[in-house]
1. Which of Lys15/Lys108; Lys15/Lys82; Lys24/Lys108 have a Cα-Cα distance over 20 Å?
2. Size of the chain along its principal axes in angstrom, Cα-based, largest extent first?
3. If exposed GluC sites (Glu not before Pro) are those in a DSSP loop with at most 14 other Cβ within 10 Å, what is the longest stretch of the chain that has none?
4. If the chain between Glu47 and Asn91 were fully stretched, how many nm would it gain, using 0.36 nm times the residue separation less the Cα-Cα distance?
5. 7 Å from Cα along Cα→Cβ at both Asn131 and Ser72: what's the point-to-point distance in nm?
6. Please state the relative contact order of region 9-59 as a whole percent: Cα pairs under 8 Å, 6+ residues apart?
7. Working out 0.36 nm times the residue gap between Thr19 and Asn99, then minus their Cα-Cα distance, what length gain in nm do you get to one decimal?
8. Expressed in nm to one decimal, what extension gain is obtained for the pair Arg6 and Glu56 from 0.36 nm per residue of sequence separation less their Cα-Cα distance?
Amino acid sequence: MSNLNRFLKSNKIQKENTTFPATKSLTDEQGNALEWVIKPLTTKENEDIRDACTFEVPVKGKANMYRPKLNSSLYLAKMMVKSVVEPNLYNAELQDSYNVKTPEDLLKEMIDDPGEYNEFASFIQNFNGFNTTLEEKVEEAKN
């Protein structure tokens, strides 16, 4: 007898949303950092983000030859934005209040402390199953 039934979608464990205090500069009335709601990305969403951040660049010394290059900063920003459920980074009123026009720019304005931004980026990557952060992979590739 086949064990196919165990692989059906109805038996798949669904990863739940979580919360994370992305920045200490946005607080509630008691001074506690606001919790942001974070959702897990699907493999398809991640591939779409990666594809949107990959560009063809010419190969030096080889006419008409190109190679793919990932804009890792943009990829990470888009991954973070896509994972955030609350606050709604696509909200025009929220973007206007920070005088920005994209959710990626809004995220960088809301979390304007570089250490907090990197900590949030690491959290998002780990939450989505990347055990090594993109920055760690870049550093490893350089060495």
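1. Lys15/Lys108, as the Cα separations exceed 20 Å there.
2. 59, 58, 33
3. It works out to 36-143.
4. 13.4 nm
5. Those two pseudo-labels are separated by 1.9 nm.
6. Relative contact order comes out at 29 percent.
7. Result: 26.2 nm gained on full extension.
8. Result: 13.8 nm gained on full extension.
Values in this text are rule-based calculations from the coordinates and carry no lab data. The structure displayed is predicted, hence computed values, not measured ones. For neighbour counting, all protein chains shown are included, and Cβ atoms are generated from backbone atoms with ideal geometry for every residue, glycine included.
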